[in-house]
Amino acid sequence: MNIGIDIDDVLVDTSTYMLRHLNEIFGTGYKREQILAWHIEELFLEHGTREELFLKIRDYARTRGEEILPLAGAVEAVKVLSKDNLLIAITAREEDLKEMTIRSLEKNFKGNIKEVYFAGLSGKKRRKKSDIIREKNIDLYIDDRWEYVLDCALTGCKVLLFDHPWNRRGELPSNVTRVHNWQEIIREIEKLTK
């Protein structure tokens, strides 16, 4: 089976690190449960514009992105899944983070993720994740962003929505299942392959 996996807050715990970084910069004490929008900078608008805050996040990603550790259970699950499946990372990260991203995936996941595609958040090279899913014949896709999940579900593949405070809303399409951890992801995949 071809399995597409988002990187941030699915494979690695990006929001925890970004939140800690922004709390340190601004002397705030926001908690992860308070992130109700996918754009973490929404919490900090009293400290700058979206653009200014986004640049702080980008700077952190460029200089310290390799410090971001995998989510609990991700390393083990990826190792197990890679034995019988092709694992493909599909991220909204920009191309300028490509080298750091690939080094980080290699360090943490030891070559078990075979391909990485950068959809980009903006700019000329921006691609829809759903287009990559179609191109790579993805059978199952895992993401945490509500909008991406809904769009990718339209491709007809099975989609797993990795539960976080920022995606708890609305009805899910019939081919989307909410999961809370990597153990649940393994169980959902086992159901599909039986």
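In table form, for the structure just shown:
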item	result
The range 120-194-the range 72-98 distance, computed between alpha-carbon centres (Å)	13 Å
Cross-link reach list, lysines versus residue 125, counting only Cα pairs under 16 Å and skipping chain neighbours closer than eight places	98
Where GluC sites (Glu not before Pro) fall in DSSP loop in the range 132-186, at most 16 other Cβ within 10 Å	171
Point-to-point label distance, residue 191-residue 135, nm (Cα→Cβ direction, 7 Å offset)	3.1 nm
With every protein chain in place, the chain: carbon and sulfur % of accessible area (1.4 Å)	50 percent
FRET efficiency estimate (nearest 0.05) - Cβ-Cβ, residue 106 to residue 72, R0 25 angstrom	0.80
Pairs from 110/158; 83/191; 136/158; 79/158 whose Cα-Cα separation, in the structure shown, is over 24 Å	110/158
Spin-label model distance (nm) - residue 64 vs residue 37, 7 Å beyond Cα toward Cβ	2.3 nm
Cα-based shape type of the range 89-160, given that a ≥ b ≥ c are square roots of the gyration tensor eigenvalues and the cut on a/c is 1.5	oblate
Rg and Dmax [Cα atoms of the chain; Å; Rg one decimal, Dmax integer]	16.2, 51
222 nm mean residue ellipticity, helices alone, for the chain (DSSP H n ≥ 4; -39,500 (n - 2.57); rounded to 500)	-11500 deg cm²/dmol
Per residue accessible area of the chain, 1.4 Å probe, in Å²	51 Å²
Interchain or long-range residues, amide H under 5 Å from residue 90's placed H	5, 6, 7, 117
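The values are calculated or read from the model by the stated rules, or taken from the named source; none is laboratory data. The model shown is predicted, which means the values in this text are computed figures rather than measured ones. Heads up, the Cβs are rebuilt from the backbone with ideal geometry, glycines too, and the neighbour counts pull from every protein chain shown. For the accessible areas, the whole protein counts, side chains as well, though only heavy atoms, and no ligand, DNA or RNA atoms are used. Shrake-Rupley method; radii C 1.70, N 1.55, O 1.52, S 1.80 Å.
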